[in-house]
1. Starting from the range 191-220, take each residue that is charged (D, E, K, R) and list its partners that are in a loop (DSSP other than H, G, I, E, B), counting only C-beta distances under 7 angstrom and pairs at least six apart or across chains.
2. Among (1) open to solvent by less than 30 Å² (accessible area, probe 1.4 Å); (2) closer than 29 Å to GLN135 by Cβ, which single condition is ALA66 missing?
3. Based on this model, can you work out whether ALA191 counts as touching a strand residue (DSSP E or B) at 6+ places or on another chain (Cβ under 6 Å), open to solvent by less than 50 Å² (accessible area, probe 1.4 Å) and small (Gly, Ala, Ser)?
4. With (1) within 27 Å of ALA29 (Cβ to Cβ); (2) open to solvent by 10 Å² or more (accessible area, probe 1.4 Å); (3) touching a Leu at 6+ places or on another chain (Cβ under 7 Å); (4) of a type outside the set (Asp, Glu) as the list, and ARG185 as the residue in question, which single condition is left unmet?
5. Can you tell me which condition ALA206 does not meet? The list is (1) closer than 19 Å to LEU17 by Cβ; (2) part of a helix (DSSP H, G or I); (3) not polar (S, T, N, Q), and all the others hold.
6. Specify the residue that is most open to solvent (accessible area, probe 1.4 Å); the eligible residues are those in the range 156-165 that are out of contact with any helix residue (DSSP H, G or I) (no Cβ under 6 Å at 6 or more places or on another chain) and in contact (Cβ under 8 Å) with a residue 24 or more places away in the chain.
7. Which residue out of CYS81, CYS18, CYS51 is surrounded by fewer than 21 Cβ atoms within 10 Å (Cβ to Cβ) and under 30 Å from VAL169 (Cα atoms)?
8. Restricting to the range 26-39, what's the tally of residues that are part of a helix (DSSP H, G or I) and open to solvent by less than 70 Å² (accessible area, probe 1.4 Å)?
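The values are calculated or read from the model by the stated rules, or taken from the named source; none is laboratory data. Please read these numbers as outputs of a predicted model, since none were measured by experiment. Reconstructed Cβ throughout: ideal geometry from the backbone, glycine too, with neighbour counts over all protein chains shown. Heads up: the accessible areas ignore ligands, DNA and RNA and are worked out on the full protein's heavy atoms, side chains in. Shrake-Rupley method; radii C 1.70, N 1.55, O 1.52, S 1.80 Å.
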Amino acid sequence: MTQHIGIVGCSAEGAALCYRTICEEGAHALGAYEHPEVTLHTPSLARYVDCLNGGDLAGVAGLMLASAHKLAAAGADFLICPDNTIHQAFALMAPHSPLPWLHIADVVAAEAAARGYQRVGLTGTRWLVDSAVYQDMLAAHGIACVRPDEDARSEINRIIMEELVPGVVKPDSVARFQAIIAGLREQGCDAVILGCTEIPLIISDANSPLPTLDSTRLLARAALRRALAA
């Protein structure tokens, strides 16, 4: 028996990559075409964006909680959310959740510690990079968190929200991302967190100036391990 994974989605590209990773890597663990049961729910992304733009973390928590209740009703055993940004509302939401969760930043920080990284750069939406979501989790492992400068944060946010979320890939944006990561390497970083679930659409170990911590796939693999441990 495996556990039923509930995915609290936010943006389509990130949720789809997480779902695909669970299904594809489940087959490697269980046999051809096999994977744990998975249910995905997401409200309109616009509702999350409205809350984030208004600084309404209680509203974000409410959206996450609504998805959690629907997934519990569908039979999920535990939940994940393949969206780093909305984890700012995790502490508001989790005490009221009908099911346990894996926290994406906890998963990534544990992986960074396991690989022996000491100073990691953080990329993601402006909402995420300005928050303490990763800083706190990394600090618990004794790992420093380095944020890009103001101009780079704005550029990363633009690329994510205007291009990657709608599924658009532009070579110039890939090059800009690579330059920002190279800047983090110059600041002494030994790895970079791909802290938006869309960033792996354009950045990976194959083209990054630093080793990557792919939050989307790391979360999917952690969920798969938990489901298989049932």
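1. GLU198/SER11; GLU198/VAL165; ASP205/PRO211
2. (1)
3. Yes, satisfied.
4. All conditions pass for ARG185, except number (1).
5. Going through the list (1) closer than 19 Å to LEU17 by Cβ; (2) part of a helix (DSSP H, G or I); (3) not polar (S, T, N, Q), ALA206 breaks only (2).
6. Filtering the range 156-165 for residues that are out of contact with any helix residue (DSSP H, G or I) (no Cβ under 6 Å at 6 or more places or on another chain) and in contact (Cβ under 8 Å) with a residue 24 or more places away in the chain, the one most open to solvent (accessible area, probe 1.4 Å) comes out as MET161.
7. When all the criteria are applied, what remains is CYS51.
8. 3
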